[in-house]
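**Q** Below you'll find the structure I mean.
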Amino acid sequence: MTLPVFEPWNDPEAKPLIEFQNVTKRFGDFTAIDDLTIGIYEREFFALLGPSGCGKTTLMRMLAGFETPTEGKIFLSGQDIAPVPPNKRAVNMMFQSYALFPHLSIWDNIAFGLKREGQSKAEIETRVSDMLRLTRLEKFARRKPHQISGGQRQRVALARSLAKAPKLLLLDEPLGALDKKLRQDTQFELMDIQEKTGTTFVIVTHDQEEAMTVASRVAVMDNGKIIQVATPADIYEAPNSTYVADFIGDVNLIEGTVKPTGDATYALHWREGAEPLTVKTATGFSDGQTAHLAIRPEKVTISAERPDGADNAVEGKVLDIAYLGNISTYHVELPSGVVIKAQTANTRRISRRAFTWEDTVWLSWTATAGVLLAD
Amino acid sequence: MNRMSWFNTVSLSLGFAFLYIPMVILVIFSFNESKLVTVWAGFSTKWYGELMQNEAFLNAAWVTIKVAVFSSTIATVLGTMAAYVMVRGGRFFGRTLFSGMIYAPLVMPEVITGLSLLLLFIGIGLDRGVLTIVLAHTTFSMCYVSVVVSSRLVTFDRSLEEAALDLGCSPAEAFRLVTLPIIAPAVISGWLLAFTLSLDDLVIASFTSGPAATTLPIKIFSAVRLGVSPEINALSTIMIAIVTVGVITTSLVTKHQMVRQKRDEQEAART
């Protein structure tokens with residue numbers, strides 16, 4: 001039996017819930033969003049990831065209706081939403097600051113949107129208590145926002161934005177104000193709620209771990225453009241550019257010139273006199289093209305002796321060790337001065353560590369461990 | 001408890017003496033039996049009784065209260081609107097000029113404001129009376145309201161309004177249901193400020209009042225020119241009493257709110 005895979009973006013029949021068509025947004029001389037085209041599908045948990053000022057918040061505010069595109073069109077279920085004001089859109093937003101109404105109780109905060117819709121008292125009662133149960137806030141219904149903790153406030157904000165059962169829920173750095181432990185718990189809670197309600201979620205974050213954890217697809221943005229849209233695994237394992245490789249997680253980037261050696265295999269000449277590195281990739285490169293080899297530290301093996309039959313092996317000296325408890329990152333300096341990071345899981349206690357500072361070690365990796373990226 | 005040093009004791013007493021000796025003397029002499037203000041002739045409340053019989057003073061008091069209530073209410077509405085536009089209106093043509101001009105009456109000599117209003121009222125043929133004083137007081141107290149309200153709006157989290165819009169409010173509903181309740185304390189203190197300013201204004205009122213309508217400050221001022229009577233002391237004592245009660249009530253309410261909020265927050269931190 002195979003599990004049904006949720007991949008509407010690979011289905012040519014599927015119609016996206018949201019479509020950006022050549023959207024540009026300028027604030028005066030500043031271009032926040034630059035000719036952006038993208039489709040987001042129903043029931044997706046879509047993450048917009050990028051450094052601050054990359055345009056991700058502007059993109060979200062255009063969906064909510066607080067900004068209008070300078071050029072291009074945005075469609076929600078096939079309808080152009082540019083002329084629709086925020087209060088008439090089937091879109092709700094969870095604000096970064098939560099924006100809970102301080103003068104209203106938790107119950108009234110959640111009921112706020114329902115009352116505006118003119119629902120009956122009984123309907124509102126039922127819906128609000130459903131939301132309180134979903135977010136485990138029943139005990140706090142009568143409290144005011146300043147009488148509950150940060151994590152509870154965050155859940156109220158979520159309940160309030162979900163109460164109207166929007167087609168699309170926007171989350172603007174929703175977990176930014178929580179400490180790490182609480183944030184991790186809440187991420188799973190968010191995913192759980194997203195699955196239960198079947199709502200399409202678009203989340204804006206600058207925290208790559210968060211994006212990787214919750215999202216079905218991640219869009220990495222920079223300077224108003226989307227650099228890559230892919231599943232978290234693809235973004236991590238097969239970045240399409242050095243920018244994405246560098247932005248997501250830790251990476252070693254080795255620059256060199258490419259020489260094809262047959263059957264999707266290339267030799268990367270990265271330093272005069274050094275042995276060329278072997279890389280296998282499906283992407284075609286021409287002879288003499290400059291490229292970067294991007295390789296994740298955890299895919300680099302560290303050993304005392306030169307391993308037999310390794311595709312790539314280099315010798316160096318341990319310069320630094322970053323001990324993180326579960327793993328250690330070794331910074332190894334090669335004779336040429338290049339520093340390569342290698343990560344190992346600490347399966348033994350630290351007193352039994354095999355390598356220490358100034359030790360001479362060998363780093364090795366397979367031909368398929370890294371990704372070759374054209375400049 | 002620490003004992004105060006002699007220096008602190010002296011500065012404290014000096015400060016309070018400067019502030020309150022004149023008022024204390026006024027209050028004491030309001031209970032003077034004698035008609036002569038400066039000669040003590042025993043305790044009596046007869047001047048308070050006579051004050052209650054004095055039609056002219058009672059009329060003036062009534063006019064003053066009417067003017068203060070109306071002008072401060074109008075000024076609060078207009079001032080709040082002006083503050084809202086200035087803080088939220090974004091960039092529009094003439095914004096800098098507008099924001100500069102709205103504060104100009106704060107520094108404008110009252111005589112000039114009064115005179116220009118007088119010329120205006122004569123120019124448009126408006127008879128001077130309660131209406132003209134209300135208009136004049138609205139004019140100068142509006143900017144105080146807008147200063148108070150805009151300083152609150154500047155720190156107001158804009159995303160609260162956006163959240164209201166997002167949840168289906170029209171911009172007007174968002175203002176009524178979210179913005180206004182939250183800035184209400186600032187609006188109320190703006191109103192109180194405008195009310196007090198109107199209560200004790202003498203200069204502008206004397207330019208814009210007519211024979212039919214005299215406010216209390218004008219009445220007191222003109223009465224004093226004919227000599228200080230114990231009746232005026234009694235009147236002033238009543239005014240001091242009203243203001244004192246008002247100030248104490250406000251501070252008690254504020255303190256109570258702060259205590260409650262602190263308790264709430266501690267409770268929230270525990271759970």
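The values are calculated or read from the model by the stated rules, or taken from the named source; none is laboratory data. As the structure is a computational prediction, the values presented were derived from the model and not from experiment. Cβ placement follows ideal geometry from the backbone for every residue including glycine, while neighbour counts extend to all protein chains displayed.
**Q** Is it the case that residue A:227 is touching a residue at least 12 places away in the same chain (Cβ under 8 Å) and crowded, with 21+ Cβ neighbours inside 10 Å?
**A** Values: touching a residue at least 12 places away in the same chain (Cβ under 8 Å): yes; crowded, with 21+ Cβ neighbours inside 10 Å: no.
For residue A:227, the condition - touching a residue at least 12 places away in the same chain (Cβ under 8 Å) and crowded, with 21+ Cβ neighbours inside 10 Å - is not met.
**Q** Which condition from (1) in contact with a helix residue (DSSP H, G or I) (Cβ under 9 Å, 6 or more places away or on another chain); (2) at pLDDT below 90 is the one that residue A:163 breaks?
**A** The number of the failed condition is (2).
**Q** Residue by residue through region A:21-43, note down the ones that are small (Gly, Ala, Ser) and touching a helix residue (DSSP H, G or I) at 6+ places or on another chain (Cβ under 9 Å). Don't jump to the end; show me each part of the working.
**A** Filtering region A:21-43 down to residues small (Gly, Ala, Ser) leaves A:28, A:32, A:39.
Scanning region A:21-43 gives A:32, A:39.
**Q** Among the residues of region B:139-151, what is the count of those that are under 21 Å from residue B:87 (Cβ atoms) and surrounded by 20 or more Cβ atoms within 10 Å (Cβ to Cβ)? So that I can check it myself, show each step before the final result.
**A** Of region B:139-151, the ones under 21 Å from residue B:87 (Cβ atoms) are B:141-151.
Keeping just the survivors that are surrounded by 20 or more Cβ atoms within 10 Å (Cβ to Cβ) gives B:141-146, B:148-150.
Result for region B:139-151: 9.
**Q** Here's another thing I want to ask about it. Only strands (runs of 3 or more DSSP E) wholly contained in region A:245-303 count here; list those with 1 or more residues that are polar (S, T, N, Q) and within 17 Å of residue A:313 (Cβ to Cβ). Step through it out loud before you land on a result.
**A** Details: elements: A:252-262, A:265-269, A:277-280, A:290-295, A:301-303.
Answer list for region A:245-303: A:252-262, A:265-269, A:277-280, A:301-303.
**Q** Which number in (1) crowded, with 18+ Cβ neighbours inside 10 Å; (2) of a type outside the set (A, V, I, L, M, F, W, C); (3) within 14 Å of another protein chain (Cβ to nearest Cβ) marks the one condition that residue A:55 misses?
**A** (3)
**Q** Residue check: is residue A:208 surrounded by 21 or more Cβ atoms within 10 Å (Cβ to Cβ), touching a residue at least 40 places away in the same chain (Cβ under 8 Å) and of a type outside the set (Asp, Glu)? Talk me through it step by step, then tell me what you get.
**A** Values: surrounded by 21 or more Cβ atoms within 10 Å (Cβ to Cβ): no; touching a residue at least 40 places away in the same chain (Cβ under 8 Å): yes; of a type outside the set (Asp, Glu): yes.
For residue A:208, the condition - surrounded by 21 or more Cβ atoms within 10 Å (Cβ to Cβ), touching a residue at least 40 places away in the same chain (Cβ under 8 Å) and of a type outside the set (Asp, Glu) - is not met.
**Q** If you check residue A:177 against the conditions, is it on the phi > 0 side of the Ramachandran plot, within 14 Å of chain B (Cβ to nearest Cβ) and of a type outside the set (S, T, N, Q)? Break it down into steps so the answer makes sense when it comes.
**A** On the way: on the phi > 0 side of the Ramachandran plot: no; within 14 Å of chain B (Cβ to nearest Cβ): yes; of a type outside the set (S, T, N, Q): yes.
No.
**Q** Return a yes/no flag: does region B:103-114 have any residue that is within 27 Å of residue B:207 (Cβ to Cβ), crowded, with 17+ Cβ neighbours inside 10 Å and hydrophobic (A, V, I, L, M, F, W, C). Outline the logic, then answer.
**A** Keep residues of region B:103-114 that are within 27 Å of residue B:207 (Cβ to Cβ), which gives B:103-114.
Now drop any that are not crowded, with 17+ Cβ neighbours inside 10 Å, which leaves B:113-114.
When the remaining residues are screened for being hydrophobic (A, V, I, L, M, F, W, C), the result is none.
No - not one qualifying residue is present in region B:103-114.
**Q** Would you list the helices (runs of 4 or more DSSP H) that sit entirely within region B:114-220 and hold 1 or more residues that are out of contact with any Leu (no Cβ under 7 Å at 6 or more places or on another chain) and under 30 Å from residue A:88 (Cα atoms)?
**A** Numbers: elements: B:130-154, B:158-166, B:171-174, B:180-199, B:203-208.
Those helices (runs of 4 or more DSSP H) span B:130-154, B:158-166, B:171-174, B:180-199.
**Q** On to the next question. Restricted to region A:75-105, and to residues that are within 9 Å of chain B (Cβ to nearest Cβ) and among the charged types (D, E, K, R), which residue is surrounded by the fewest Cβ atoms within 10 Å (Cβ to Cβ)?
**A** Among residues in region A:75-105 that are within 9 Å of chain B (Cβ to nearest Cβ) and among the charged types (D, E, K, R), the one surrounded by the fewest Cβ atoms within 10 Å (Cβ to Cβ) is A:88.
**Q** Another question about this same structure. Within region A:137-148, restricting attention to residues that are within 32 Å of the chain's Cα centre (by Cα) and surrounded by 15 or more Cβ atoms within 10 Å (Cβ to Cβ), which residue is farthest from the other protein chains (Cβ to nearest Cβ)?
**A** A:137
**Q** While we're here: Are any residues in region A:33-49 small (Gly, Ala, Ser) and either surrounded by fewer than 22 Cβ atoms within 10 Å (Cβ to Cβ) or modelled with pLDDT under 90 (or both), and if so, which ones?
**A** Going through region A:33-49, the residues small (Gly, Ala, Ser) turn out to be A:39, A:47.
Selection gives A:39 alone.
**Q** Got a number for residues in region A:335-358 being within 16 Å of residue A:314 (Cβ to Cβ) and surrounded by fewer than 16 Cβ atoms within 10 Å (Cβ to Cβ)?
**A** Residues flagged as within 16 Å of residue A:314 (Cβ to Cβ) and surrounded by fewer than 16 Cβ atoms within 10 Å (Cβ to Cβ) within region A:335-358 amount to 4.
**Q** Give all pairs with beta carbons closer than 8 Å in which a residue from region B:168-184 that is more than 8 Å from chain A (Cβ to nearest Cβ) meets a residue that is of a type outside the set (Val, Ile, Thr) and exposed (fewer than 14 other Cβ atoms within 10 Å of the Cβ); count only pairs at least 6 apart in sequence or on separate chains.
**A** Listed by first residue and then by second, the contacts come to nothing, as the list is empty.
Let's see how each residue does on (1) under 20 Å from residue A:340 (Cβ atoms); (2) exposed (fewer than 15 other Cβ atoms within 10 Å of the Cβ); (3) among the hydrophobic types (A, V, I, L, M, F, W, C):
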{"site": "A:219", "(1), (2), (3)": "no, no, yes"}
{"site": "A:222", "(1), (2), (3)": "no, no, no"}
{"site": "A:231", "(1), (2), (3)": "no, no, no"}
{"site": "A:241", "(1), (2), (3)": "no, no, no"}
{"site": "A:245", "(1), (2), (3)": "yes, no, yes"}
{"site": "A:249", "(1), (2), (3)": "yes, no, no"}
{"site": "A:254", "(1), (2), (3)": "yes, no, yes"}
{"site": "A:258", "(1), (2), (3)": "yes, no, yes"}
{"site": "A:262", "(1), (2), (3)": "no, yes, no"}
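**Q** Of all residues in region A:106-136, which are part of a loop (DSSP other than H, G, I, E, B) and within 12 Å of chain B (Cβ to nearest Cβ)? Lay out the reasoning, then the answer.
**A** We begin by selecting, within region A:106-136, every residue part of a loop (DSSP other than H, G, I, E, B); these are A:117-120, A:135-136.
Selection gives A:117, A:118, A:119.
**Q** Going by what's in this entry, would residue A:128 be described as buried (at least 20 other Cβ atoms within 10 Å of the Cβ), assigned by TED's automatic domain parsing to the domain that holds residue A:36 and over 23 Å from residue A:178 (Cβ atoms)? Please lay out each step first, then the result.
**A** Working: buried (at least 20 other Cβ atoms within 10 Å of the Cβ): yes; assigned by TED's automatic domain parsing to the domain that holds residue A:36: yes; over 23 Å from residue A:178 (Cβ atoms): yes.
Considered against the rule, which asks whether it is buried (at least 20 other Cβ atoms within 10 Å of the Cβ), assigned by TED's automatic domain parsing to the domain that holds residue A:36 and over 23 Å from residue A:178 (Cβ atoms), residue A:128 comes out as yes.
**Q** Which of the residues belonging to region B:180-205 are surrounded by fewer than 19 Cβ atoms within 10 Å (Cβ to Cβ) and of a type in the set (Ser, Thr, Tyr)?
**A** B:189, B:196
**Q** Of the residues that make up region B:229-244, is at least one closer than 30 Å to residue B:37 by Cβ and outside any helix (DSSP H, G or I)? Before you say what the answer is, go through the steps one by one.
**A** Let us first name the residues in region B:229-244 that are closer than 30 Å to residue B:37 by Cβ, namely B:229-244.
The next check asks that each one be outside any helix (DSSP H, G or I); those that pass are B:229.
Looking for residues that are closer than 30 Å to residue B:37 by Cβ and outside any helix (DSSP H, G or I), one finds at least one in region B:229-244, hence yes.
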